[in-house]
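Presented below is the structure to which this report refers.
The values are calculated or read from the model by the stated rules, or taken from the named source; none is laboratory data. These numbers come from a predicted model, not from an experiment. As a convention, Cβ positions derive from the backbone with ideal geometry for all residues, glycine included, and neighbour counts pool all protein chains shown. Accessible surface is based on the protein model in full, side chains and every heavy atom, while ligands, DNA and RNA are left aside. Shrake-Rupley method; radii C 1.70, N 1.55, O 1.52, S 1.80 Å.
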Amino acid sequence: MNKELIINVTSNEITIALLEDKKLVELSKEKCKTGYTVGDIYLGKVRKIMPGLNAAFINIGYEKDAFIHYLDLGPNFNTLHKLTQSLTSGKRTPKFENLKFEPQIGKTGKISACISSGQPIVVQIAKEAISTKGPRLTSDISLAGRHVVLIPFSNKVSVSQKIRSNEERKRLKRIADQVLPRNYGVIIRTAAAGKDEADITADIQSLIDRWENALRKVRQSEPPAQLLNELNRATTIIRDLLSGEFSAIHIDDKAMYEEVRDYIKQIAPEKQRIVRHYKGSVPIFDNFDISKQIQGLFSKYVSLKKGAYLIIEHTEAMHVIDVNSGNRAKVDDDQERTAMNVNLAAAQEIARQLRLRDMGGIIVVDFIDLHKGDNRQALYEHMQKLMAEDRARHTILPLSKFGLMQITRQRVRPEAINEVSESCPTCNGTGTITPTVMLDRQIENQVAYYVTDRGLHYIKLRVSPIVASYLKKGLFSLRAKWQFKYKCRIKVVSDPSIGFVETRFYDRKDTELT
């Protein structure tokens, strides 16, 4: 399978598209420099204890208080709490590997016995803010690397179950045991299989250094404060997915290109050549035919082959997917065979849509009724096989008597479809638009302002394809007339993602003008 990563960087956000054989399977959007992403570690302050929920609200600097449940404190919370108190009070603290562990907390205790309102607490974001909820936190700290996941306050070495070879498991455990100081444990990831001892050792040591640096920040900080930030979304995806199947990583921003290339140089020097800086004049997502796929896939109706289709509904409690045979049922005579073929094709598209939209929580799929038990079992096994490629934790139940398949899928970030659904740029959510007959006058007024008041001699307009054609039409086009009238260079760029009467202005450095 050929994998490509396409990264589009703007002043506000980073959009990452993962292609498998030129087909879009994952889409991630990350706001630039907003923080509060999964894996970030903070020194927070307990705002309020909720005995009825056996939980607490923590101030980590986010607009809404974050939430932590008693079970998310972790078994060694007493040791972490004592260390935090020692660091924040300025007392002399022994090296982490020399710490003496406190008794572990039980699974049935009360949060009010462990923390109190106003106290500082070290926490890690386990789930980003979603809808009206603040981030979900944990104090069971872990740091993910390329080959291992480091777990402070532990002395256990575990190996991924996907590594089957007993000899390889023993080798990896021996490497970890040799390099790990006391009070550190690791989970060895699947990516470590077959890797050199030096690479694994360097990965473990870099994570230990990051954790010790975070502890030093506890002594210097007042809550709320960030102690350690996870890698940005682009490098996180590269860290988790980079393999021999990756053929190229295309990035349209020079700074991000340098950052990703330097990161890959550290973790997989032989892969450095696949990172490429995209310099084309056409938007990067248009060049790789991603914009069209996004527009076609993030709708309520998803077409399948031969007239079949899916209907995807989103509610607060769950997601519902209905499979329909469409015109196909009129063509085939064998109803059972038709239903099975449509269901198999639908299962493949559903597995893709779950990853693409990053749908989480409860998903109920209403497949076309199958009367044979063998077919129902075959469909269930086919769905399990398709979902095996999904990195998010999930559980799939066999078809019920009503032909429904229930799926639960881990959700740690806001659903992707919400991220790509925005207020209409044409009407800004008001439901009314400015008469298009005045559009050219509005654009000219803006051009006049930037030239006469701001002193610019180069302006790039990014507009919808229809408006771009209108502005460039004819020998003496509107663009040519404005260039002559205002003595400046005007470049018109066609962008299908822009609303019909929306116009964006950029300077020579491609910085958006406001």
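What to note about this one:
- One residue from Ile312, Ile294 being open to solvent by less than 70 Å² (accessible area, probe 1.4 Å) and farther than 21 Å from Ile14 by Cα: Ile312
- Single residue of Thr430, Thr408 found to be at pLDDT 85 or above and polar (S, T, N, Q): Thr408
- Verdict on Ile204 being open to solvent by less than 30 Å² (accessible area, probe 1.4 Å), over 17 Å from Glu97 (Cβ atoms) and at pLDDT 85 or above: no
- Scan the stretch 104-126 for residues that are open to solvent by less than 70 Å² (accessible area, probe 1.4 Å), in contact (Cβ under 8 Å) with a residue 12 or more places away in the chain and among the small types (Gly, Ala, Ser) and the total you get is 4.
- Condition check for Ile466: open to solvent by less than 20 Å² (accessible area, probe 1.4 Å) and either closer than 28 Å to Ile290 by Cβ or not in a loop (DSSP other than H, G, I, E, B) (or both): no
- Per-region count, the stretch 336-394, residues closer than 15 Å to Met405 by Cβ, open to solvent by 50 Å² or more (accessible area, probe 1.4 Å), not in a helix (DSSP H, G or I) and not β-branched (Val, Ile, Thr): 3
- Long-range neighbours under 6 Å by Cβ, at least six apart or interchain, first residue farther than 16 Å from Val38 by Cβ and at pLDDT 95 or above within the stretch 132-152, second open to solvent by less than 10 Å² (accessible area, probe 1.4 Å) and part of a loop (DSSP other than H, G, I, E, B): none
- Looking at the stretch 1-103, the strands (runs of 3 or more DSSP E) lying wholly inside it that each contain 1 or more residues that are within 30 Å of Val275 (Cα to Cα) and open to solvent by less than 10 Å² (accessible area, probe 1.4 Å) sit at 3-9, 13-20, 23-31, 41-50.
- Hits in the stretch 260-278 (condition: buried (at least 17 other Cβ atoms within 10 Å of the Cβ) and in a strand (DSSP E or B)): Val275
- One residue alone among Lys481, Lys473, Lys509 is at pLDDT 90 or above and either among the charged types (D, E, K, R) or open to solvent by less than 30 Å² (accessible area, probe 1.4 Å) (or both), and that residue is Lys481.
- Complete set of residues in the stretch 207-222 that are open to solvent by 60 Å² or more (accessible area, probe 1.4 Å) and either in a helix (DSSP H, G or I) or under 14 Å from Pro181 (Cα atoms) (or both): Asp209, Arg210, Asn213, Arg216, Lys217, Arg219, Gln220
- When the stretch 112-130 is filtered for residues that are in contact with a helix residue (DSSP H, G or I) (Cβ under 8 Å, 6 or more places away or on another chain) and more than 22 Å from Leu87 (Cα to Cα), only Ala126 remains.
- Filtered residue count, the stretch 129-182, keeping only those that are crowded, with 18+ Cβ neighbours inside 10 Å and among the acidic types (Asp, Glu): 1
- Out of Lys487, Lys460, one residue alone is exposed (fewer than 12 other Cβ atoms within 10 Å of the Cβ) and at pLDDT 85 or above. It is Lys487.
- Members of the stretch 303-344 found to be within 19 Å of Arg409 (Cβ to Cβ), hydroxyl-bearing (Ser, Thr, Tyr) and modelled with pLDDT of 85 or more, listed by number: none
- Meets criteria (in contact (Cβ under 8 Å) with a residue 60 or more places away in the chain, farther than 15 Å from Arg136 by Cβ and over 24 Å from the mean Cα position of the chain (by Cα)) for Leu83: yes
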